[in-house]
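S.K.: One structure, as C-alpha cells, below. Some questions next.
FYI, it's all coordinate maths here, none of it is from the lab. The model shown is predicted, which means the values in this text are computed figures rather than measured ones. Using ideal geometry, Cβ is built from the backbone for each residue, glycine included, and neighbour counts are taken over all protein chains shown.
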Amino acid sequence: VFLSLQVFGTIVWILVASTQIPLALLQGWVMFVAVTAWFLSIVFLSVFLFGYANRIAVNWNQADFIFHGATFVFYFGAFLLQAATTSLHYLPRKFNSTTQETILSGREYNISIAASVCALCISI
C-alpha cells in the first residue's frame with residue numbers, strides 16, 4: 001500500500017506542478033496533500049524498514065489505520081478540487097478581454113485529467 005501511495009502521489013505531484021496552476025487556491029491544496037502524504041508515507045515506511053517499529057511502543061495497527069484513513073479523506077478532497085479545476089476548462093481566463101484564452105490549455109486540461117484520475121486511484 002505504501003509503494004502505491006508513493007508512485008501515484010509522485011505522479012499527482014509531478015502532474016500538478018507541470019501546469020501553470022491557474023487556480024492557486026485549489027491546486028495549492030492538491031500539492032500540499034500530495035507532498036505531505038508522500039513525505040509521511042516515506043517516514044512511515046522507513047520506521048518499518050529500519051526496525052524502529054519494534055523499539056517504539058505504539059499500536060502500529062491503529063496508527064496505520066489512522067494514517068490511511070486520513071490519507072483517504074485528504075486525497076479524496078484533493079481529487080474533488082482537482083476535478084473542479086479541470087471542469088473549469090472552458091471558462092475564459094480574462095472576462096473583460098476580447099481574446100478567447102481559456103483557463104487551461106488543451107495540454108494542461110489533459111494533465112489535469114490525469115492528475116484527477118491518479119488522486120482518485122490513491123483515495124480508493
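S.K.: Report the FRET efficiency, 1/(1 + (r/R0)^6), for Tyr90 and Ala17, where r is their Cβ-Cβ distance and R0 is 30 Å, rounded to 0.05. Each step should come with its number before you reach the end.
M.R.: Working: r = 23 Å, r/R0 = 0.78.
Between Tyr90 and Ala17 the formula returns 0.80.
S.K.: Restricted to Cα positions, what overall size does region 7-59 have along the principal axes? Three whole-Å values, descending.
M.R.: Cα spread of region 7-59 along its principal axes, largest to smallest: 46, 18, 10 Å.
S.K.: So how long is each side of the chain along the principal axes, counting just the alpha-carbon atoms, biggest first, in Å?
M.R.: Largest to smallest, the principal-axis extents are 65, 20, 19 Å.
S.K.: Show the residues, 5+ positions off or on another chain, whose built amide H is closer than 5 Å to the amide H of Thr102.
M.R.: Distant-sequence amide H within range of Thr102: Arg93.
S.K.: Restricting to DSSP H runs of at least four residues, report the calculated mean residue ellipticity at 222 nm for the chain, -39500 (n - 2.57) per run over all residues, nearest 500 deg cm²/dmol. Walk me through the numbers before you get to the answer.
M.R.: Details: 5 runs with 92 residues, N = 124.
The helix contribution divided over the chain gives -25000 deg cm²/dmol.
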